[in-house]
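Undergrad: My structure is below; once you've seen it, I'll send some questions.
The values are calculated or read from the model by the stated rules, or taken from the named source; none is laboratory data. Remember, predicted model here, so these are calculated numbers, not experimental data. All Cβ positions, glycine included, derive from the backbone under ideal geometry; neighbour counts span all protein chains shown. Heads up: the accessible areas ignore ligands, DNA and RNA and are worked out on the full protein's heavy atoms, side chains in. Shrake-Rupley method; radii C 1.70, N 1.55, O 1.52, S 1.80 Å.
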Amino acid sequence: MKTVLITGASRGIGRACALAFAREGYAVAACWHKNEAAARSLLDELSALGCDAELYRADVADPAAVEAMAAAAEKRFGHIDALVNNAGIAQQKLFTDLTAADWDRMLSVNAGGVFHTCRCVLPGMLRRHSGRIVNISSIWGISGASCEVHYSASKAAVIGFTRALAQEVGPSGVTVNCVAPGVIDTEMNANLSPETLAALCGETPLCRIGSPEEVADAVVFLCGGKARFITGQVLKVDGGFLGG
Ligand code: NAP
């Protein structure tokens, strides 16, 4: 049985990924951070699907916590075949209001977290000459977004990281790709006004925002056999928002 480790699995896109991988027959190692109730309800849902699953609490910005999580998951499941780096935070602020602490936290969770998990999980993949890594970036990491300079920079970093690591570990049978979601219906967007949401839908060729499940489908695809010759790519799941 294949095992996937998913960060930020308690809510939103990560939770949809956990359920989608479970339906594909994967065992799921699900990382959460602050929301224990959501994590426990995910475990119940996974168990109801007959999935072999375990929860791990870790702040992905903390290298020691990530090391402990990866070691525990490898011991429990024997191997990690796919790693989905989904955990992330967002914040809207004028650039001139950003503090050094805002910058450091954004970069250490959104980009640092990807580094820490890959550093811990890759050695096993390299030993087995097989593995799939999918990093969740954002369309704002491609185009940049006003009032989200630190978020956009962190997501652009994830894209650069993905392209470079894909080149380095391709010869060892490991693929590394990015999914760049557009506006997706999760708690991360709970503060968007109905007017802003309507404007975003109006600018989207498919005329709506996306669902977490639609992002999860792309992630599962990139981890599956049908994506075996795809690496170093950034797959936009944005209803056409950014164009080609
Ligand atoms: P969400 O609903 O806010 O959920 C965020 C998840 O990340 C939660 O499970 C949370 O865990 C976890 N998390 C946050 N900080 C963490 C940390 N330091 N360590 C470990 N886990 C942490 O967000 P979402 O919308 O599903 O977003 C998921 C990913 O997609 C993020 O990387 C985000 O940047 C990206 N994305 C989202 C959108 C969108 O429109 N929603 C668009 C483009 C990209 P707890 O709840 O347990 O703390």
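Undergrad: So if I place +1 on the C-beta of Lys and Arg and -1 on the C-beta of Asp and Glu, and nothing else carries charge, what would the dipole magnitude of region 1-113 be about its Cα centre? I want it in debye, nearest 20. Please list the in-between numbers first.
TA: Details: 11 positive and 14 negative charges, 38 e Å.
Rounded to the nearest 20 debye, it is 180 debye.
Undergrad: Given the C-alpha atoms of the chain, compute the convex hull and give its volume per residue in Å³.
TA: Working: hull volume 29.8 nm³, N = 244.
Looking at the chain, the number lands at 122 Å³ per residue.
Undergrad: Would you give the gap between the C-alpha center of region 165-207 and the C-alpha center of region 114-131, rounded to a whole Å?
TA: So the two Cα centres are separated by 24 Å.
Undergrad: Something else about it: Would you kindly derive the ³J(HN,Hα) couplings of region 126-137 from the backbone phi angles with the Karplus curve 6.51 cos²θ - 1.76 cosθ + 1.60 (θ = phi - 60°), listing them in order in whole Hz, with x for Gly and Pro?
TA: 5, 4, 8, 6, 6, x, 10, 10, 10, 9, 8, 9
Undergrad: Would you list, by chain and number, the lysines whose Cα falls below 23 Å from the Cα of LYS75, excluding same-chain residues fewer than 8 positions away?
TA: LYS2
Undergrad: Using the alpha-carbon centroid of each, what span in Å lies between region 216-244 and region 1-48?
TA: The two parts, judged by their Cα centres, are 20 Å apart.
Undergrad: Additional query: For Cα pairs less than 8 Å apart in space and 6+ apart in sequence, what is the mean separation divided by the residue count of region 8-106, i.e. the relative contact order in percent? Could the numbers behind the result be given before it?
TA: Working: 101 pairs, mean separation 24.9, N = 99.
Relative CO of region 8-106 lands at 25 percent.
Undergrad: In addition: Taking all protein chains in place and a 1.4 Å probe, what share, in percent, of the accessible surface of region 173-244 do carbon and sulfur account for? Don't skip to the answer; put the middle values down first.
TA: Values: 2220 of 3760 Å².
That share works out to 59 percent.
Undergrad: Okay, moving on. Compute the accessible area per residue over region 117-225, keeping the other protein chains in place, probe 1.4 Å, unit Å². It would help to have the intermediate numbers written out before the result.
TA: Details: 4720 Å² over 109 residues.
For region 117-225, the solvent-accessible area averages 43 Å² per residue.
Undergrad: Carbon and sulfur atoms: what percent of the 1.4 Å accessible area of region 21-110 do they account for? Each step should come with its number before you reach the end.
TA: Numbers: 2290 of 4470 Å².
Carbon and sulfur together cover 51 percent of it.
Undergrad: Among all the lysines, which ones have a C-alpha under 16 Å from LYS236's C-alpha, if same-chain residues fewer than 8 places away are not counted?
TA: LYS155
Undergrad: Turning to a different aspect of this structure: Compute the accessible area per residue over region 71-111, keeping the other protein chains in place, probe 1.4 Å, unit Å². Each step should come with its number before you reach the end.
TA: Numbers: 2110 Å² over 41 residues.
With the other protein chains kept in place, region 71-111 gives 51 Å² per residue.
Undergrad: Let me ask something additional. Students often check this: by mean Cβ neighbours within 10 Å, which of 69-75, 131-137 ranks highest, and how do the rest follow? Provide the component values of the computation, followed by the final result.
TA: Values: 69-75: 18.0, 131-137: 26.4.
In decreasing order of mean packing, 69-75, 131-137 become 131-137, 69-75.
Undergrad: Still on this structure: Nothing charged except the Cβ atoms of Lys and Arg (+1) and of Asp and Glu (-1): what's the magnitude of the dipole of the chain about its Cα centre? Round to the nearest 20 debye. The partial results should precede the final answer.
TA: Values: 21 positive and 24 negative charges, 149 e Å.
That gives a dipole near 720 debye.
Undergrad: When only Cα pairs under 8 Å and 6 or more residues apart are kept, what is the percent relative contact order across the chain?
TA: Numbers: 476 pairs, mean separation 47.7, N = 244.
Rounded, it is 20 percent for the chain.
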